[in-house]
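Structure, as structure tokens:
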Amino acid sequence: MRLNTARLEMLSLLDSLGTVRAVAAALHLSPSAVSAQLAVLETEARAELLRRTGRRVQLTTAGRTLARHARIILDQLKAAEADLAGASGQPAGPVRLAAFSSAIRTLVIPLAARLRQAYPQIDLDVSEVDPQASHPALRRGDYDVIVTADFIDGSMPLHPDVQAIPLLADAIVLVVPESQAGPDVPADVADFAEATWSIDLPGTYLSSLVTSTCRTAGFEPIVAGRFASYELLLAHVEAGLSVSLLPELAVDRRYHVATRPLRRPLTRHVYAAVRSRSALTAASQVVLDELCDVARAFADDWRDRSGSGRDVELDEGSERAQRAVARRR
């Protein structure tokens with residue numbers, strides 16, 4: 001049995017994207033061409049990989065099994081190509097990294113600056129991607145490393161193909177105008193039942209966070225603004241027009257706002273993720289190691305500046321997880 005890697009890539013994409021049309025768009029092919037190649041793959045594999053219902057297809061158990069193997073095979077080929085390209089023996093080549101906006105500002109940009117100095121042959125390509133979209137993109141192979149976060153309540157389960165490396169435990173804080181700073185003591189959300197609130201767009205986890213937290217405190221928030229940009233949200237709070245809840249990493253200190261911890265603490269866990277059975281290239285491994293170092297340095301610096309470790313700290317288990325990833329070299 002000889003399996004064609006191009007057709008394996010199509011099967012892997014079908015497992016991630018769900019439709020032949022989406023696979024065709026990703027590969028700049030026609031849907032009929034993709035269907036024909038998948039039929040050839042079934043012949044090569046001597047197994048029924050797809051179950052066709054009208055115009056739709058679903059992967060069979062054998063199809064899902066082969067798709068998982070396909071991702072491993074494709075990652076191994078990529079690692080081999082990267083090793084061959086790095087003739088100097090130094091980590092080299094492209095690494096695609098996706099992260100959410102506040103992680104880019106606080107972790108990824110410092111990481112990129114560090115890599116440019118220490119590993120100039122690594123080409124780090126950074127994209128801003130919402131946490132809800134980053135996991136599917138990682139599994140599709142769009143990115144080599146993602147920096148993402150859970151949804152506070154642990155509602156984002158990890159796929160078996162994905163390995164998480166904890167980076168930071170990021171406290172949720174009440175954000176108020178600087179003029180309303182008050183005492184630096186834990187805030188009771190119920191005390192802000194009459195305040196106007198600014199929140200993220202509907203359907204986002206931060207929008208749901210504010211709504212559910214206020215409802216738990218016994219009131220429906222009076223929403224004065226909905227913003228996709230943290231910068232606009234912070235400007236709205238700074239102007240005295242609202243209060244909000246944000247992860248500490250999202251609070252840009254250039255804005256004249258004050259933060260208070262919550263009486264009922266909430267924590268967002270920030271982590272990196274890679275495809276768990278992938279063979280990381282030398283360059284990807286360096287990026288992951290350096291990212292863990294940047295997160296550790298950020299947490300240490302934050303404790304020094306704040307005088308406490310209550311807001312941003314190295315996530316419990318992070319050092320153990322980081323050592324485990326380092327041993328994969």
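The values are calculated or read from the model by the stated rules, or taken from the named source; none is laboratory data. Keep in mind that what you see is a predicted model, and the values were worked out from it rather than measured. Using ideal geometry, Cβ is built from the backbone for each residue, glycine included, and neighbour counts are taken over all protein chains shown.
Taken over the range 113-132, the criterion of being more than 18 Å from Val274 (Cα to Cα) and crowded, with 19+ Cβ neighbours inside 10 Å is satisfied by Leu115, Tyr119. Residue pairs whose Cβ atoms lie under 6 Å apart, sitting 6 or more positions apart in sequence or on different chains, and linking a residue in the range 108-134 that is assigned by TED's automatic domain parsing to the domain that holds Val294 to a partner that is among the polar types (S, T, N, Q) and assigned to a helix (DSSP H, G or I), are Glu128/Ser101.
State whether the residues of the range 71-84 include one that is buried (at least 16 other Cβ atoms within 10 Å of the Cβ) and at pLDDT 85 or above. Taking every residue of the range 71-84 in turn, none turns out to be buried (at least 16 other Cβ atoms within 10 Å of the Cβ) and at pLDDT 85 or above. A Cβ distance below 9 Å, combined with a sequence gap of six or more or placement on separate chains, defines the contacts here; from the range 55-76, residues that are without any contact (Cβ under 8 Å) to a residue 12 or more places away in the chain and over 17 Å from Arg140 (Cα atoms) reach residues that are among the hydrophobic types (A, V, I, L, M, F, W, C) and in a helix (DSSP H, G or I) in the pairs Arg55/Val20.
Which helices (runs of 4 or more DSSP H) does the range 223-329 wholly contain that include 1 or more residues that are at pLDDT 95 or above and under 20 Å from the mean Cα position of the chain (by Cα)? Step through it out loud before you land on a result.
On the way: elements: 230-238, 282-306, 318-326.
Output list reads 282-306.
Apart from one condition, Ile109 fits all of (1) more than 30 Å from Pro247 (Cα to Cα); (2) exposed (fewer than 15 other Cβ atoms within 10 Å of the Cβ); the exception is (1).
With respect to Asp125, determine if the residue is modelled with pLDDT of 90 or more, of a type in the set (Asp, Glu) and not in a loop (DSSP other than H, G, I, E, B).
Details: modelled with pLDDT of 90 or more: yes; of a type in the set (Asp, Glu): yes; not in a loop (DSSP other than H, G, I, E, B): yes.
Against the criterion (modelled with pLDDT of 90 or more, of a type in the set (Asp, Glu) and not in a loop (DSSP other than H, G, I, E, B)), Asp125 qualifies.
Within the range 186-204, can one find any residue that is surrounded by fewer than 16 Cβ atoms within 10 Å (Cβ to Cβ), assigned to a helix (DSSP H, G or I) and free of Cβ contacts under 8 Å to residues at least 12 places away in the same chain? Yes: the range 186-204 contains one or more residues that are surrounded by fewer than 16 Cβ atoms within 10 Å (Cβ to Cβ), assigned to a helix (DSSP H, G or I) and free of Cβ contacts under 8 Å to residues at least 12 places away in the same chain.
Selection over the range 164-179 of residues that are in a strand (DSSP E or B) and acidic (Asp, Glu) gives a count of 1. Looking only at residues of the range 1-35 that are surrounded by 15 or more Cβ atoms within 10 Å (Cβ to Cβ), under 19 Å from Ala47 (Cα atoms) and hydroxyl-bearing (Ser, Thr, Tyr), we find that the one that is nearest to the chain's Cα centre (by Cα) is Ser12. Inside the range 133-178, residues that are among the charged types (D, E, K, R), at pLDDT 90 or above and surrounded by 22 or more Cβ atoms within 10 Å (Cβ to Cβ) make up a count of 1.
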